[in-house]
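The values are calculated or read from the model by the stated rules, or taken from the named source; none is laboratory data. Worth saying up front: this structure is predicted, and the values here are computed from it rather than measured. Neighbour counts run over all protein chains shown; Cβ positions are idealised from the backbone, glycine included. Note: areas computed on protein heavy atoms with side chains; ligands, DNA, RNA excluded. Shrake-Rupley method; radii C 1.70, N 1.55, O 1.52, S 1.80 Å.
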Amino acid sequence: MVSASSNNQHRAPSGPALGLRFLLLACLSILLLVIDQRQNYLDIARKAIGAFVYPLHVVVDAPISTWLWITESTATRNELQLENSRLRAERLLTNARLQKYAALEAENTRLRAMLEATPRSSDRIRVSEIMSVSANPFRHVVVVDKGTRDGVFDGQAMVDANGVVGQVIEAGLLSSQGILISDPDHALPVEVNRNGLRTIAVGSGEFARLDLPFLANNADIQEGDLLVTSGLGGAFPAGYPVAVVDAVKRIPQEPFASVSAIPSAALNQIREVMLIWPGIAAETDETASASEDAGDVDE
Amino acid sequence: MSKDRSARRLPVVFSIVVALMLSMVPLPDVIDPYRPDWVALTLIYWAMTLPRSYSVGTAWVVGIVLDIAHGTLLGQYALAMCFMIYVTAKFHLQLRVFPLSQMTATVFALLSLYQFLLFWINGVAGLHTEAVSYWGPVLTGTALWPLLSTIFGGIRYRVRASS
């Protein structure tokens with residue numbers, strides 16, 4: 001295996017050269033670290049190298065997508081019929097909801113017009129597939145298969161059919177990285193749907209929990225409250241469901257209550273996310289309109 | 001001559017690329033914290049056996065690729081990897097003559113050093129981390145080392161026999 005005879009063949013690296021090279025590279029790394037943490041100068045470099053990493057992601061993703069393709073194309077007629085009827089039923093249900101929604105939307109615009117408030121514009125949505133997830137358990141980062149070529153931009157909101165998933169932190173040319181709302185470094189301005197109470201939902205590092213650390217002990221919040229995006233942070237359009245409060249602990253001597261919530265989106269099970277272009281009128285392209293309704297009507 | 005060299009280089013590059021891909025494969029949540037650091041193990045092996053061709057430079061480049069792939073601070077994996085491989089290359093002569101048990105213990109130390117650096121850089125940069133979970137990859141990586149070094153040894157033997 002590792003025989004001593006290989007010593008003759010490969011001479012030992014000369015000491016100082018190795019040390020010097022290491023020192024230089026270490027200094028370079030530290031320089032990169034410092035620059036990367038403070039400024040965005042390195043974005044272009046990141047994107048350039050990211051383009052080389054893209055094929056790796058594709059190869060890694062290939063077995064899974066091939067498997068999906070195989071199961072799809074070898075599905076029996078029976079299964080297909082079952083799925084078809086299930087989808088048809090689902091569509092019926094969604095359509096019914098959509099009608100209610102359309103009526104509500106019309107009413108909302110009319111009321112807003114009466115109040116002379118600016119009408120809420122609908123958002124354009126595109127479905128994008130998750131290619132890989134971060135290997136680092138402390139960073140909840142995913143890579144999705146749309147990039148700046150498709151109009152993706154930094155800070156763009158990502159949702160799935162049930163609620164907010166996260167936002168884009170780095171838009172590459174062909175793929176982008178997104179941070180999930182459960183990442184410990186992610187904070188999201190939300191409001192309680194019941195009474196409009198505004199607060200901030202911070203990721204906990206667990207996929208199934210968000211923390212609401214800035215709620216006073218006497219705040220009007222209770223278990224089962226739905227949290228929706230408030231739209232105040234600028235990144236997320238208002239009104240998308242985020243999480244449901246599952247535990248409220250009020251400790252008398254502490255200034256803040258300890259409140260946690262369960263994200264509406266199944267953050268560790270999703271395969272697709274929807275990217276939102278807020279304010280751009282909804283284009284009726286393939287999947288866009290159908291998925292938008294599923295995300296918005298949530299009762 | 002150059003053809004011979006590129007033939008010898010191929011398995012190394014191939015193994016590094018495979019290791020990179022293994023480090024990106026999505027895993028279930030339960031086992032994800034115990035994913036062995038394939039890239040670190042692969043680079044330790046090549047730096048130990050062929051330190052003239054693959055040492056700190058290779059480690060740095062691969063580290064940068066890891067940084068981009070995992071979305072960490074640019075230079076984090078690069079610095080940790082570089083330091084670990086520097087130690088490996090520095091002591092490669094001693095490492096080579098170690099019996100397998102002792103070599104595995106050394107790999108444990110190297111992987112711990114590597115994870116500690118990653119942890120430390122996260123701490124300095126102000127990112128939240130839990131120190132306990134950094135042990136997962138170290139333990140599984142060490143457990144896999146005997147198997148991995150045997151496989152790599154076999155690859156090297158074949159390449160040399162054919163060239």
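Average partner chain C-beta neighbours within 10 Å, per residue of A:30-36? Could you put the intermediate results ahead of the total?
On the way: counts 4, 1, 8, 11, 3, 3, 7.
Counting other chains' Cβ atoms within 10 Å and averaging over A:30-36 gives 5.
Can you classify the range A:111-252 as rounded, prolate or oblate using the Cα gyration tensor, where a ≥ b ≥ c are the square roots of its eigenvalues, rounded means a/c under 1.5, and otherwise it's prolate if a/b beats b/c and oblate if not? If you can, show how the numbers build up before the last one.
Details: a/c = 2.58, a/b = 1.23, b/c = 2.09.
Verdict is oblate for the range A:111-252.
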Taking a crude spin-label model, label points 7 Å out from Cα along the C-beta direction, the A:A17 to A:Q37 distance in nm is 3.4 nm
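Express the relative contact order of the range B:16-100 as a whole percentage, based on alpha carbon pairs under 8 Å and six or more residues apart in sequence.
Numbers: 82 pairs, mean separation 23.5, N = 85.
Contact order relative to length: 28 percent.
When the helices in the protein assembly as shown are scored as -39500 (n - 2.57) per DSSP H run of 4 or longer and the sum is shared across all residues, what 222 nm value do you end up with, to the nearest 500 deg cm²/dmol?
On the way: 12 runs with 228 residues, N = 462.
Using -39500 (n - 2.57) per qualifying helix, the result is -17000 deg cm²/dmol.
Kindly give the semi-axes, whole Å and largest first, of the ellipsoid equivalent to the range B:2-162, taking each as the square root of 5 times a Cα gyration tensor eigenvalue. The partial results should precede the final answer.
Numbers: eigenvalues 132, 59, 49 Å².
Here the semi-axes work out to 26, 17, 16 Å.
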Simple SL model, points at 7 angstrom along Cα→Cβ for A:R271 and B:L100; separation in nm is 4.1 nm
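If you wrap a convex hull around the C-alpha atoms of the range A:137-221 and split its volume per residue, what is the figure in Å³?
Details: hull volume 9.0 nm³, N = 85.
Here the figure is 106 Å³ per residue.
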Treating only Lys and Arg (+1) and Asp and Glu (-1) as charged, each at its beta carbon, one finds that the protein assembly as shown has a dipole about its Cα centre, in Debye to the nearest 20, of 2600 debye
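May I ask you to derive the FRET efficiency for A:T148 and B:V61 from their Cβ-Cβ distance with R0 = 25 Å, giving the value to the nearest 0.05? Display every interim value, and only then the final one.
On the way: r = 25 Å, r/R0 = 1.00.
Efficiency computed from Cβ-Cβ geometry: 0.50.
For the range B:80-157, report the translational diffusion coefficient in µm²/s to the nearest whole number, using Stokes-Einstein at 25 °C, 0.890 mPa s, and a Kirkwood Rh over Cα pairs. Provide the component values of the computation, followed by the final result.
On the way: Rh = 13.7 Å.
Once the numbers are plugged in, D ends up at 179 µm²/s.
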Mean 1/r over distinct Cα pairs of the protein assembly as shown, inverted to a Kirkwood Rh in Å, yields 24.9 Å
For the pair A:E72 and B:A143, the simple spin-label estimate (label points 7 Å beyond Cα toward Cβ) gives in nm 3.6 nm
Rounded to whole angstrom, the alpha-carbon centroid of the range A:162-239 lies from that of the range A:48-95 at a distance of 29 Å
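So, counting K/R as plus one and D/E as minus one, what does the shell of residues with Cβ under 12 Å around A:T148 add up to?
On the way: positive: A:K47, A:K146, A:R149; negative: A:D43, A:D150, A:D154, A:E170.
Cβ neighbours under 12 Å give a net charge of -1.
Length gain on complete extension for the stretch A:A62 to A:Q81, per 0.36 nm per residue less the alpha carbon to alpha carbon distance?
4.1 nm
Suppose R0 equals 60 Å; then what is the FRET efficiency for A:F52 and A:D220 from their Cβ-Cβ distance, rounded to the nearest 0.05? Don't skip to the end; give the middle numbers.
Working: r = 52 Å, r/R0 = 0.87.
It comes to 0.70.
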Ordering B:Y45, A:Y41 by the accessible surface of their heavy atoms, 1.4 Å probe, largest first, yields A:Y41, B:Y45
